[in-house]
1. Can you give the accessible area of residue 68, probe radius 1.4 Å, in Å² rounded to 10?
2. Convert 10 °C to kelvin, take the viscosity as 1.306 mPa s, use the Kirkwood radius over C-alpha pairs of the chain as Rh, and evaluate the Stokes-Einstein diffusion coefficient in µm²/s, rounded to a whole number.
3. May I ask you to give the percent of accessible area on the chain that is carbon plus sulfur, with a probe radius of 1.4 Å?
4. Taking 0.36 nm per residue of separation and subtracting the Cα-Cα distance, what length does fully extending residue 55 through residue 36 add?
5. Please sort by residue number the GluC sites (Glu not before Pro) in the stretch 45-127 whose DSSP state is loop and whose Cβ has at most 12 other Cβ atoms within 10 Å.
6. From Cα pairs below 8 angstrom and at least 6 apart in sequence, can you work out the relative contact order of the stretch 51-185, rounded to a whole percent?
7. Here are some pairs, 125/152; 43/125; 94/195; 3/36; 43/198; which of them have Cα atoms lying more than 25 Å apart in this structure?
8. Between residue 2 and residue 44, how many nm apart are label points set 7 Å from Cα along the C-beta direction?
Amino acid sequence: MYKIYINSSCLAISTHPVDGYVIADINDFNAKDSTKLLNFIEKNKFVCFVSTDTEFLFNQFSQLFECVTAAGGIVENNSNILIIKRNNHWDLPKGHIENNESIEEGAIREVCEECGLSEIELHEKIGISYHIYPWDNHFRLKTTHWYRMTSKTPNELHPQTEEGISEVCWIPLATLDSYLVNSYGNIRDIIRQFKLLK
């Protein structure tokens with residue numbers, strides 16, 4: 001199943017209906033105009049496209065947007081997790097992949113740049129998240145690849161303020177849920193997948 005977030009709303013692309021989601025058909029929307037579809041999703045909050053071929057339908061949906069690729073991580077130090085505050089929401093460090101850079105390299109670089117870390121170790125992939133956001137006069141669909149990371153020697157943290165980051169801090173994993181109240185749906189999903197690895 002794919003879950004694509006638009007602000008506090010979510011579109012699921014699934015092989016079966018999802019409880020609490022309004023069933024819709026992508027063919028009811030103009031393929032050249034994503035605005036009507038996004039308005040429908042935001043009005044209904046939780047919308048589901050049902051298909052036996054979810055990958056095909058996701059690719060069809062993706063063609064409505066400019067697609068960008070990003071990567072980031074959940075960084076552990078003992079029993080602490082690294083989180084950031086970006087635009088007044090608790091978030092995880094991530095950023096766009098640069099040309100001639102692998103997704104793994106981009107994940108490490110972005111986490112280091114956004115938090116001021118100098119040494120992190122990359123581990124297994126946690127999952128992928130999707131979200132849509134406005135950019136200039138159109139919308140982008142961002143695909144973010146998430147990895148588990150560790151930092152054994154955390155240096156003094158420095159938020160990358162030019163990226164809208166106001167705070168970077170280590171918090172105990174046991175307290176993480178209290179921060180997620182002021183976070184995003186795709187971040188909460190990745191945290192849940194991360195906890196399944198523990």
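1. Rounded to the nearest 10, the figure is 20 Å².
2. Working: Rh = 17.7 Å.
It diffuses with D of about 90 µm²/s by this estimate.
3. Numbers: 4970 of 10330 Å².
Exposed carbon and sulfur together represent 48 percent of the surface.
4. Working: separation 19, 0.36 × 19 = 6.84 nm, distance 2.23 nm.
Gain in length upon complete extension: 4.6 nm.
5. Values: sites: 55, 66, 76, 98, 101, 104, 105, 110, 113, 114, 119, 121, 124; in loops: 98, 101, 119.
Those that pass, being in a loop and sparsely packed, are 98, 119.
6. On the way: 275 pairs, mean separation 43.9, N = 135.
Over the stretch 51-185, the number comes to 33 percent.
7. Working: 125/152 19 Å; 43/125 33 Å; 94/195 19 Å; 3/36 19 Å; 43/198 36 Å.
Distance filter (> 25 Å) returns 43/125; 43/198.
8. 1.6
The values are calculated or read from the model by the stated rules, or taken from the named source; none is laboratory data. None of the values given here were measured: they were computed from a predicted structure. Ideal geometry is used to build each Cβ from the backbone, glycine not excepted, and the neighbour counts take in all protein chains shown. These area figures cover heavy atoms from the full protein model, side chains too; ligands, DNA and RNA do not enter into them. Shrake-Rupley method; radii C 1.70, N 1.55, O 1.52, S 1.80 Å.
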